[in-house]
Amino acid sequence: MRRTGLPARDLRILDPLLSYPSTVLGRERAIVINLEHIKAIITAQEVLLNSQGPSVTSFIEELQRRILRHHQARSQEARGNGNDVDWSNLYDLEEPQSRNVSFRNKDEEGRTEGKQQNAENRDGLKLLPFEFVALEACLEAACSVLDNEARTLEQEAHPALDKLTTKISTLNLERVRQIKSRLVAITGRVQKVRDELEHLLDDDEDMAEMYLTEKLEQQQLDDSSVSSINEQDELDDEANQQDIDERTRANISYEGNGGPTSYDAGLQNMDNTREQLIAAARTLSKDSRGTRTSTTQSAISKQLDVEELEMLLEAYFVQIDGTLNKLSTLREYVDDTEDYINIMLDDKQNHLLQMGVMLTTATLVVSAFVVVAGIFGMNIHIELFDPDKAGMPQFLWTVGGGTTGTIFLYVIAMIWYKQRRLIE
């Protein structure tokens with residue numbers, strides 16, 4: 001807290017045991033970042049990390065390379081070789097590098113054109129402050145991790161969903177369920193990062209708080225101006241004191257010719273004169289100090305130009321928004337697949353219901369034939385049972401007639417169902 005000037009509630013955001021949403025906070029002397037696996041504090045001169053893991057190791061290596069390139073570019077700029085700053089090495093641009101090499105290999109006219117091109121690059125590609133270099137590395141690491149997870153999930157989701165539409169089984173449904181759970185989790189994480197970047201872009205004051213190098217340089221300038229003001233005040237006090245002493249000695253020498261009474265009056269006049277001169281000097285010193293202080297405060301309160309940081313944040317906002325759109329498209333594909341599966345299940349259920357209706361109707365008409373068989377099974381005396389009057393032909397006619405009637409009733413029932421659109 002003494003090192004960064006952060007309160008305890010801001011440091012609590014970086015606690016790995018606590019679950020905090022994605023956050024980017026700009027404070028007076030530091031930037032607090034909690035983006036996915038990146039938990040860091042960025043000041044104008046250093047980066048403090050509170051993360052572990054293989055992904056953090058690769059992030060640290062990339063951050064060190066960026067800071068080293070930034071330091072080399074700053075060193076070349078400080079030595080006055082601004083035209084020789086290797087912009088391609090600083091921003092990983094291959095095309096400008098080849099262009100610079102070709103300029104250096106040409107004749108004197110080509111060198112002049114190359115210097116003009118480098119001057120344009122220096123105006124166009126302005127060196128970012130240290131805190132923005134570190135912030136860009138953090139944003140790129142977080143956005144890259146989310147984009148890679150979204151791409152991996154997309155590659156796993158499409159085959160699983162296509163296989164489910166081909167064959168609905170418990171295994172395929174379980175795979176799709178797991179993919180959907182991962183999709184919901186990743187979408188929530190991406191949405192939090194996007195909301196945080198959008199909040200920063202909407203608030204210029206929060207972005208102005210992140211200009212740590214500007215504020216540090218302004219503070220050093222204020223300290224130097226205050227020290228120069230104090231030195232000037234001391235010189236003014238010494239000059240006023242010398243002037244007062246000279247006037248006092250002149251009054252003493254003049255009043256000394258008038259005797260003791262005149263000498264006492266001269267001392268009293270001397271004291272009054274000294275007090276008046278000291279009060280006037282103090283008043284002038286306060287006025288000058290107040291004017292300088294108000295000028296310094298007006299310079300501090302001047303609103304910073306946040307266009308540089310805004311462009312940086314917009315680039316990663318577009319990237320994370322693209323990742324969110326990709327996940328939204330995948331979510332729509334999953335929803336469409338679910339709708340298609342539900343339609344297929346409903347269609348199968350309708351076929352089962354139709355089959356149930358047909359079987360129920362068949363059972364009904366067969367039951368009518370069973371009623372006829374039950375009647376003939378009673379212990380009654382009719383001519384059909386008399387072997388002298390009836391025989392096998394009559395029995396076959398009876399069974400055939402009952403079967404034909406049963407089939408006829410079933411056909412009539414099916415025709416009625418189709419007319420009523422109860423079955424297809």
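The values are calculated or read from the model by the stated rules, or taken from the named source; none is laboratory data. Not measured: the values here are computed from a predicted model. Don't worry about glycine lacking a Cβ; one is built from the backbone with ideal geometry, like all the others, and counts go over all protein chains shown. Quick note on the areas: whole protein, heavy atoms, side chains included, nothing else; ligands and nucleic acids left out. Shrake-Rupley method; radii C 1.70, N 1.55, O 1.52, S 1.80 Å.
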Estimated distance in nm for a label pair at His351 and Ser19, the labels positioned 7 Å out from Cα along Cα-to-Cβ: 4.4 nm
Accessible heavy-atom area order of Trp397, Trp416, highest first, probe of 1.4 Å: Trp397, Trp416
Cut-off 14 Å between beta-carbons: net charge of the residues surrounding Lys180, Lys and Arg +1, Asp and Glu -1: -4
For the stretch 398-406, Karplus couplings with θ = phi - 60° (6.51, -1.76, 1.60), whole Hz, Gly/Pro x: 5, 5, x, x, x, 5, 4, x, 5
Integer Hz, Karplus 6.51/-1.76/1.60 couplings in order for the stretch 18-35, x for Gly and Pro: 9, 9, 10, x, 4, 9, 9, 10, x, 10, 5, 10, 7, 10, 9, 10, 9, 10
log10 of Debye I(q)/I(0), alpha-carbon scatterers only, for the stretch 354-420 at 0.29 Å⁻¹: -1.25
Accessible area of Met392 in the full protein assembly, 1.4 Å probe (Å², nearest 10): 120 Å²
Whole-number percent relative contact order across the stretch 354-420, with pairs defined as alpha carbons under 8 Å at least 6 apart: 47 percent
Computed label-point distance, nm, for sites Glu217 and Lys163 using a 7 Å Cα→Cβ extension: 5.9 nm
Accessible solvent surface per residue of the stretch 126-201, calculated while the other protein chains remain in place, 1.4 angstrom probe, Å²: 46 Å²
Accessible surface of the stretch 354-420 [probe 1.4 Å, protein heavy atoms]: carbon and sulfur percent: 73 percent
Neighbourhood net charge (13 Å Cβ-Cβ; Lys/Arg +1, Asp/Glu -1) for Val145: -3
Accessible-area value, Ser19, 1.4 Å probe, nucleic acids and ligands omitted, Å²: 120 Å²
Stretchable slack from His199 to Arg74, in nm (0.36 nm times residue separation minus alpha-carbon distance): 41.9 nm
Area accessible to solvent at Lys326, 1.4 Å probe radius, in Å²: 60 Å²
Above-threshold pairs, the threshold being 26 Å between Cα atoms, out of Lys167/Lys192; Lys39/Lys215; Lys192/Lys215; Lys163/Lys192; Lys348/Lys418; Lys180/Lys326: Lys167/Lys192; Lys192/Lys215; Lys163/Lys192
Heavy-atom surface of the stretch 354-420, accessible at 1.4 Å and reported per residue (Å²): 78 Å²
